[in-house]
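The values are calculated or read from the model by the stated rules, or taken from the named source; none is laboratory data. The structure presented is a predicted model; accordingly, all values stated were derived computationally and were not measured. All Cβ positions, glycine included, derive from the backbone under ideal geometry; neighbour counts span all protein chains shown. When the accessible area is computed, the model is the full protein with side chains, heavy atoms only, and any ligands, DNA or RNA have been set aside. Shrake-Rupley method; radii C 1.70, N 1.55, O 1.52, S 1.80 Å.
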Amino acid sequence: MSEKIKVAPSILSCDFANLKDEVKKIEKANADAIHIDIMDGHFVPNLTMGPKIVAAINRCTDLFLDVHLMMYNPFDYIEKFAEVGADLITFHFEATEDIEDTINYIKKCGKKVGLSLNPETSISLIAKYLNQLDLVLFMSVHPGFGGQKFIPSVIEKIELCKKFKDEMKLNFDIQVDGGINDKTSKKCLKAGANFLVSGEYLFSIDDMKKGIELLKTV
Ligand code: DX5
Ligand code: ZN
């Protein structure tokens with residue numbers, strides 16, 4: 001069975017002085033979603049956007065908004081991000097004590113729910129939540145910044161996750177984020193990922209549409 005491969009450009013690598021044009025560029029490139037990185041300066045050593053920017057992006061497009069929360073206490077912000085147009089809200093296993101409550105609250109707000117793992121976090125720690133999730137996000141860099149180098153040890157984690165997914169007959173997305181280019185993408189897809197996030201690679205090439213096609217090529 002071949003699963004639909006999806007690609008979400010990460011808005012973190014865009015030219016924020018031209019946010020609307022950058023969103024239109026992502027639309028024209030036939031992207032499946034826009035990935036939006038929310039960083040709190042505590043869970044990760046960087047600060048990025050808040051709900052107001054997500055609302056602004058939502059006003060420019062009908063594309064699926066994939067909101068990646070890299071913050072402590074994500075529970076407190078779910079309602080806000082849901083209100084401003086997030087379609088999927090992904091939070092970090094390492095940043096949350098009440099995983100179950102957070103999953104349930106995202107669902108209660110009518111949104112898809114994703115759970116993310118840092119490179120050093122084992123997939124077995126979240127096995128019991130897999131049947132409640134729409135997406136598992138594997139960080140293939142240490143979260144906090146775009147433009148970092150892909151960490152190859154994520155491949156084994158993706159393979160194990162795909163094995164769990166097949167054994168349990170589940171159909172959540174397996175997403176990979178960090179250092180994705182036309183070479184690392186192939187390794188991830190082969191291992192069982194079906195949803196790729198890419199920032200620097202897609203924003204640094206002239207033809208984003210071609211870049212997305214290349215990322216989808218196994
Ligand atoms: C990193 C972010 C990523 C980042 C990916 O912490 O979660 O979404 O924007 O950017 P690249 O593809 O440049 O590694
Ligand atoms: Zn991200």
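Residue 18 to residue 205: FRET efficiency via 1/(1 + (r/R0)^6), r the Cβ-Cβ distance, R0 22 Å, to the nearest 0.05? Approximately 0.80, to the nearest 0.05. For segment 131-218, trypsin sites (Lys or Arg not before Pro) are listed when DSSP marks them as loop and at most 14 other Cβ atoms sit within 10 Å of their Cβ; the list is 149, 169, 183. Taking the inverse of the mean reciprocal distance over all distinct Cα pairs, the Kirkwood hydrodynamic radius of the chain comes to 17.1 Å.
Phi angles of segment 48-60 translate, via the Karplus equation with coefficients 6.51, -1.76, 1.60 and θ = phi - 60°, into HN-Hα couplings of 10, 10, x, x, 5, 6, 4, 4, 5, 5, 4, 6, 8 Hz per residue; Gly and Pro are given as x. Here the calculated FRET efficiency for residue 61 and residue 171, from their Cβ-Cβ distance with R0 = 30 Å, stands at 0.70, rounded to the nearest 0.05.
Phi-derived couplings, Karplus 6.51 cos²θ - 1.76 cosθ + 1.60 at θ = phi - 60°, listed residue by residue for segment 153-165: 5, 5, 4, 4, 5, 5, 4, 5, 5, 5, 5, 4, 4 Hz, with x used for Gly and Pro. Here segment 3-51 and segment 168-192 have alpha carbon centers that stand 18 Å from each other. Among the listed pairs 183/209; 6/186; 6/183; 157/190, which have their C-alpha atoms separated by more than 19 angstrom in this model? Cα-Cα > 19 Å for no pair; all within. Around the amide H of residue 116, modelled in the peptide plane, lie the amide H atoms of 91, 92, 93, 137, all under 5 Å away and 5 or more residues distant in sequence or on another chain.
Would you mind telling me the antiparallel percentage of the DSSP bridges in the chain, rounded to 5? Once the DSSP bridges in the chain are tallied, antiparallel ones form about 5 percent. Per-residue Karplus couplings for segment 35-42, computed as 6.51 cos²θ - 1.76 cosθ + 1.60 with θ equal to phi - 60°, are listed in order as 8, 10, 8, 9, 10, 9, x, 10 Hz, Gly and Pro entered as x. Annotation: amide H of residue 7 within the under-5 Å range of 32, 33, 196, sequence separation 5 or more or interchain, hydrogens built in the peptide plane. Using the 1.4 Å probe convention, the accessible area of the chain works out to 47 Å² per residue with neighbouring protein chains retained. Stretching residue 128 away from residue 53 to a fully extended chain increases their span by 23.6 nm, per 0.36 nm per residue minus the current alpha-carbon distance.
I'd like the carbon and sulfur percentage of the solvent accessible area for the chain, probe radius 1.4 Å, heavy atoms only, ligands and nucleic acids excluded. Within the chain, the accessible surface is 50 percent carbon and sulfur.
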